[in-house]
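For reference, the structure discussed in these notes is given below.
None of the figures in this text is laboratory data; all of them are computed from the coordinates on show. What you are looking at is a predicted structure, and each value in this text was computed from that prediction instead of being measured. With ideal geometry, Cβ positions are generated from the backbone for all residues, glycine too; neighbour counts draw on all protein chains shown.
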Amino acid sequence: MLPYSPFCIDFIVQWHSMTRKPLAKYSNRKLSKKQKANVSKNLQKRITKLRRQNAMEATVISHMGYNIVVQTAMNTPVFACDWRQNLGAICAGDQVLISRPDNDENPVIEAILPRQTVIEKQNVYRGAKPFAANIEQILVIITHQPMFQPSLLDRYLIMANMVGIDSLIYFNKTDILTANRDIEKVSYLYEIYKKIPNVRWVFGSIKTANGLANLQAELSHRKTVVTGQSGVGKSTLINALIPDICVQTKSISAVSGLGRHSTTNSTLYHLDKTTMGDGVLIDTPGVRSFDTYHLTAEAIERGFAEIYPFLGHCHFSDCSHTHEKNCAVKIALKNGNISQLRYDSFLQILTESQHHEQ
Ligand SMILES: Nc1nc2c(ncn2[C@@H]2O[C@H](COP(=O)(O)OP(=O)(O)O)[C@@H](O)[C@H]2O)c(=O)[nH]1
Ligand SMILES: [Mg+2]
Ligand SMILES: [Zn+2]
C-alpha cells in the first residue's frame, strides 16, 4: 500500500526511519595512517596561522572555470576567488579560509577547512573528484514517469551509507500516478524500500504542491545535496523550493566572469528562508548516477543496510550467499526479512566490483 491514496491526494504520510548510526568513513586516497596524521597536523598549523592573520572564513557556492565563487555569510554578496594550487579540488559546500591581497586582485583561497562529509564522483581517467562537501543528507528524486530503476536507487543508498549521510527519497508526480499498473509497481517497490534503515520517504506533486510542506520540513535547516534522473522534476522542484533562484543564479554568473551560469557544476543555493530557515541545497547537474564498481565489498555490504546484519552469520566464513548451506542471507531471504529484489541487486553489485578488481 502506498502511504497516500491516489484518489485522495491530500492525504500524504511520510515514513520515518530509525536515526542512523555514524559509519566509518572510506577514502579513495591511499595514504598511510602516519601520513594522514601529518596532513591533518600540518593543515591544523596552517589554519591556526591563517586565522591569526585574520583570514576570512567563507562557504564555496560554486567552482566555475577559473573562478571559485564564495560567500562569507547568508544574505551577503557572493564574490569570486583565486586559489592556491596545492589545495586539491575545491567544491560547493566547502568551508575555506581566504586572504585579501593588497592590490585589487581577487581574494585567494588559502586553505580548505576539514570536511565533515564529501561526495565524490569517480572518473575512470582522473580518479575521484569531489562535488559536494559538508552535506547532511541526499535528496533523491524519483517518479513513475520515467519509472525509477531500483538498481540506481541502490547505488545512491550505498553512496549515502559510505559518506555517512541520510537518504531522503522524494517520489514526485503523484498527481499523475493514477494507472493501476503504475500504482501497483510503485506500491510494490515502496513496500521493499520503506523497510531499509536510514531511508525516509516523502510522496508528493510539485505541480499541485501536495506534499510540499512535508518536503520543506525535511529540508529545513539542513544541508542537502539533490540528485535524480533526468525528467523526474528536479528543475521544477528547485524553482518551487527556492523562489529567488534566478536572483541567486544571476549573482553567481555575474561574479564568475563566465557570463552565463554553467549547467554542469554543482552549486549551493539558499532555500526559501521563511519555510526552511538556513537550509541549503546543492544542485549537481553534472551527476546523475553513482558508479559502484570501484568500491570494496565491505562498502557495498554496508550499503545494503537490511542485509548487512546477516553477514558474518553464515556457516562458511567465505560464503558467497548463492548456493551454500546454512547461509544466513538466504535464510533471511526465505523468511521474508530480505526481499528478492534487493538480494539480486546485492549480488549483482558485488559481482561487478569483484570483476573490476581482477
Ligand atoms: N504531472 C507532473 N509533472 C511534473 C511534476 N513535476 C515536474 N513535472 C514535469 O516533468 C517534466 C520534467 O521536469 P523537469 O523539472 O524539467 O525535470 P528534470 O529533468 O529532473 O530537471 C516537465 O515537463 C515538468 O513540467 C509534477 O509534480 N507533476
Ligand atoms: Mg532539469
Ligand atoms: Zn551466506
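Of Lys194, Lys121, the sequence from fewest to most neighbouring Cβ atoms within 10 angstrom is Lys194, Lys121.
Determine the percent antiparallel among the DSSP beta bridges restricted to the chain, to the nearest 5.
Counting DSSP beta bridges with both partners in the chain, the antiparallel share is about 60 percent.
Taking 21 Å as the limit for the C-alpha separation, the pairs Lys36/Lys129; Lys121/Lys195; Lys173/Lys223; Lys195/Lys330 exceed it in the case of Lys121/Lys195; Lys173/Lys223. Counting only DSSP beta bridges whose two residues both lie in the range 32-115, roughly 90 percent are antiparallel. Using θ = phi - 60° in the Karplus curve 6.51 cos²θ - 1.76 cosθ + 1.60, the 3J(HN,Hα) couplings for the range 57-68 round to 8, 9, 9, 7, 8, 6, 9, 10, x, 8, 10, 10 Hz; x is entered for Gly and Pro. Remark: Glu57, Glu191 ranked as Glu191, Glu57, counting other beta-carbon atoms within 10 Å and listing the fewest first. Among the chymotrypsin sites (Phe, Trp or Tyr not before Pro) in the range 72-170, those located in a DSSP loop and surrounded by at most 16 other Cβ atoms within 10 Å of their own Cβ are Tyr125. Computed on the chain, with alpha-carbon pairs under 8 angstrom and 6+ residues apart, the relative contact order is 17 percent. Rounded to the nearest 20, the size of the Cβ-charge dipole of the range 32-115 about its Cα centre is 820 debye, with Lys and Arg at +1 and Asp and Glu at -1.
Residue-wise HN-Hα couplings along the range 338-351, as the Karplus relation 6.51 cos²θ - 1.76 cosθ + 1.60 with θ = phi - 60° gives them from phi, are 10, 8, 4, 4, 6, 4, 4, 5, 4, 5, 4, 5, 4, 4 Hz; Gly and Pro carry x. For the range 213-306, the square roots of the Cα gyration tensor eigenvalues, ordered a ≥ b ≥ c, give a/c of at least 1.5 with a/b no greater than b/c, which places it in the oblate category.
Over the chain, DSSP H runs of length four or greater, each weighted -39,500 (n - 2.57), average out per residue to a 222 nm ellipticity of -9500 deg cm²/dmol.
Give me the percent of Cα-Cα pairs in the range 80-236 that sit more than 28 Å apart, rounded to a whole number. That fraction is 34 percent.
Build a GNM of the chain with springs between Cα atoms under 10 Å apart, and of Leu157, Leu113, Leu271 the one that fluctuates most is Leu113.
With K and R counted +1 and D and E -1, the other residues having a Cβ less than 9 Å from that of Glu110 yield a net charge of +2. Among Leu219, Leu139, Leu347, the largest mean-square fluctuation in a Gaussian network model of the chain (Cα springs under 10 Å) belongs to Leu347. Scaling the Cα radius of gyration of the range 297-357 by the globular reference 2.2 N^0.38 Å produces a ratio of 1.03. Put a plus charge on the Cβ of each Lys and Arg, a minus charge on the Cβ of each Asp and Glu, and nothing anywhere else: the dipole of the chain about its Cα centre is then about 1000 debye. Dipole of the chain computed with +1 at Lys/Arg Cβ and -1 at Asp/Glu Cβ about the Cα centre; of Ile196, Gly312, His144, farthest Cα towards the positive end is Gly312. With the charge dipole of the range 297-357 set up from +1 on Lys and Arg Cβ and -1 on Asp and Glu Cβ about the Cα centre, the Cα lying farthest toward the positive end among the listed residues Gly303, Leu347, Asn326 is that of Asn326. Listed by Cβ neighbour count within 10 Å, with the fewest neighbours leading, Leu153, Leu241 appear as Leu153, Leu241. Of all the options Pro243, Pro101, Pro130, the one that moves most in a Gaussian network model of the chain with Cα springs shorter than 10 angstrom is Pro101. Think of the chain as having a plus end and a minus end, set by charges on the Cβ of Lys, Arg, Asp and Glu; of Asn54, Gly231, Asn38, Asn38 sits farthest toward the positive end of this dipole. Among residues other than Gly233 with Cβ under 12 Å from its Cβ, the summed charge is +2 (Lys and Arg +1, Asp and Glu -1).
Relative to the compact-globule estimate of 2.2 N^0.38 Å, the Cα radius of gyration of the chain comes out at 1.07.
Along the range 118-131 the Karplus relation, 6.51 cos²θ - 1.76 cosθ + 1.60 evaluated at θ = phi - 60°, assigns HN-Hα couplings of 8, 10, 10, 9, 7, 10, 3, 8, 9, x, 7, 10, x, 10 Hz to successive residues, with x for each Gly and Pro. Its Cα centre serving as origin, the range 297-357 has a Cβ charge dipole (Lys and Arg +1, Asp and Glu -1) of approximately 300 debye. On a 0 to 90 degree scale, rounded to 10, what angle separates helix 180-193 from the longest Cα axis of the chain? Approximately 80 degrees, to the nearest 10.
With both labels modelled 7 Å from their Cα along Cα-to-Cβ, the Lys129 to Asp175 distance reads 3.6 nm.
Between 0 and 90 degrees, rounded to the nearest ten: what's the tilt of helix 150-163 against the longest Cα principal axis of the chain? Once rounded, one gets 50 degrees.
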